[in-house]
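For reference, the structure is listed below as structure tokens.
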Amino acid sequence: MISFVLLALLMAALAIAFIVHPLLRARPALAPARQAALIAAILVLITGTGLYLKYGNHGWRASAASAPVSPTLTRLLNDTERNPQDLSGWVELAQTYEQIQQFPLALRAWQRANEVAQGKNAEALAGIGETILMIGDASNSDRASEYFERALAIDAKSPKALFFSGLNAMQKGDLKLARERFAGMLALNPPEGVRAALEKQIAALDEELKPVAADSGTAIKLHIGLHPALRQNANGATALFVFVRGASAGPPMAVRRMVANLPVEIVLSASDSMIASNKLQSGQHVQVVARLSKSGAPLPASGDLYGEISYVAGKEPQRELIINKIQP
């Protein structure tokens, strides 16, 4: 179920996604930081209101106003103690903790609801994923994704799972999945204002997903792999960054951000250049660095994995770049 205020919240969140994402995005440049800014803006908005997606079998219908937090919390704590197998009580307790931004306690309540439901309740599973994201540990985004996927396997029309998994996918750079999830929300026939915001966000994603034609004269063709000895170290990596740098100091001439799935083949060229005055040139000697990031941020962090090679732009066949080092 969803209240009028929550509808306004969702519309505002999607409006931020539509407005901020096209402005901050740059296909070749600093996409992860910009994506993270978008997600942070949306999640801060949601957190600041103390209202969260509370969807059930009522779909988009408005819910009654909830009781004041303190008496409600007291009642729910007593109810769940007396009736520990009452699924609805644990769900309401989790939602109440969310409203007062007690996310660790909300997570415990959602986990208890999931235990009572024996892992078969989509709302409880989506609630676990949501609160994992709200706690704010980026390293747990994959864990949150697992719960959203489990929720959607039970109820493919769970708005909460669709919404938060879409945001999570955008943060990871998986724009195809983000589009799929927002399209799934659109198919639920939401109110007109929400529909319009969703349609605009999907259009923005479609624009970013358009392939960029590589410039053959400056192409850098790579097959990127991971050294077998570092497979365990790669656990938790959320993004793959590939940077192209020249001999002089300054910003990268090209950057690509992708989901951290290896091996992968990519082609970078002058089409991926960030600044017109700093474009790749045919025959230019460059350094190419591929880095697996656990934070999802473009700047190096301790524990990230990376590899590098030298390359002559537009003059070499496909080269293998193996990620074989650990960032100190």
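Values in this text are rule-based calculations from the coordinates and carry no lab data. Only a predicted model underlies this, so the values are computations on that prediction, with no experimental measurement involved. Cβ: placed from backbone, ideal geometry, glycine included. Neighbour counts: every protein chain shown.
Taken along the Cα-to-beta-carbon direction at a fixed 7 Å, the label points for Arg231 and Asn83 span 4.9 nm.
Beyond a 27 Å Cα-Cα separation, which of these cross-linked pairs lie in this structure: Lys172/Lys315; Lys200/Lys279; Lys120/Lys210; Lys294/Lys315; Lys176/Lys221? Mind dumping the intermediate values first?
Details: Lys172/Lys315 32 Å; Lys200/Lys279 32 Å; Lys120/Lys210 38 Å; Lys294/Lys315 33 Å; Lys176/Lys221 23 Å.
In this structure, Lys172/Lys315; Lys200/Lys279; Lys120/Lys210; Lys294/Lys315 lie more than 27 Å apart at Cα.
For Lys157, a cut-off of 19 angstrom between C-alpha atoms picks up these aspartates and glutamates, skipping any fewer than 8 places away in its own chain: Glu123, Glu130, Glu146, Glu149, Glu180, Glu192, Glu199.
Full extension from Asp137 to Ile309: what is 0.36 nm times the residue separation minus their Cα-Cα distance, to one decimal in nm?
Values: separation 172, 0.36 × 172 = 61.92 nm, distance 3.24 nm.
Taking 0.36 nm per residue and subtracting the Cα distance, the gain is 58.7 nm.
Can you classify segment 74-150 as rounded, prolate or oblate using the Cα gyration tensor, where a ≥ b ≥ c are the square roots of its eigenvalues, rounded means a/c under 1.5, and otherwise it's prolate if a/b beats b/c and oblate if not? Could you put the intermediate results ahead of the total?
Working: a/c = 2.85, a/b = 1.44, b/c = 1.98.
It comes out oblate by the Cα gyration axes.
From the Cα gyration tensor of segment 191-328, with a ≥ b ≥ c the square roots of its eigenvalues, which class applies: rounded if a/c is under 1.5, or else prolate if a/b is larger than b/c, or else oblate? Judged from the Cα gyration tensor, segment 191-328 comes out oblate (a/c at least 1.5, b/c at or above a/b). Ordering 120-126, 266-272, 73-79 by mean Cβ neighbour count within 10 Å, with the highest value first, yields 120-126, 266-272, 73-79.
Using the Cβ-Cβ distance between Gln327 and His285 with R0 set to 25 Å, the FRET efficiency works out to roughly 0.55. Within segment 208-319, DSSP assigns beta bridges of which about 95% are antiparallel (rounded to the nearest 5).
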